[in-house]
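Here's the structure we're looking at; comments come further down.
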Amino acid sequence: MKAQSLVVSGLFSSLLVLSLSLPVFSQTLNFWIGGAPGLEREWNCPKNWSAYKVPNEFSSVVIPDVSTGSRSYPVIYSGVLEIYSLDLTSNASLEIGNQATLIVYGEIHNPGKVILNPDGILIEWEEVNKSQASALPAKRKAGY
């Protein structure tokens, strides 16, 4: 009985260690709210997001029509940002600045408007992988 208890205890300990060492990947939904004082349009301001944190590669980002609310649409001024998916609702917009790159690993749903400055880059990674093309041709795409 003691040996059986030891085996069960060892098995439980092994499973616990294994489960704690596995990475957890889950998408989080993060809505743009905008309007943080002094940083009304700043993508990188946590107060501008419903989850109170800047979206990352695990974030499903939704940018709604804020014309009746904060009236502040997001701008990515610089840097390389990664998100899981992007949904711009009708009448919503997103601006990608000259020194900014936005990489979207999943899908982009865009009945809104993406303002892509001359040196801004938008990469829809899923489409790049489907076409087996390099990321550079995805810099500018019709409809964005």
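Can you give the FRET efficiency to the nearest 0.05 for residue 115 and residue 26, using r as the Cβ-Cβ distance and R₀ = 41 Å? Approximately 0.85, to the nearest 0.05. Which shape class, rounded, prolate or oblate, goes with the stretch 55-120 when its Cα gyration tensor gives a ≥ b ≥ c as root eigenvalues, a/c under 1.5 marks rounded, and past that a/b bigger than b/c marks prolate? Verdict is oblate for the stretch 55-120.
A short reminder: the numbers here are calculations on the coordinates, not readings from a lab. Predicted model, so just to flag it, every value in this text is computed and none were measured. Positions of Cβ are generated from backbone atoms using ideal geometry, with glycine treated the same way; all protein chains shown enter the neighbour counts.
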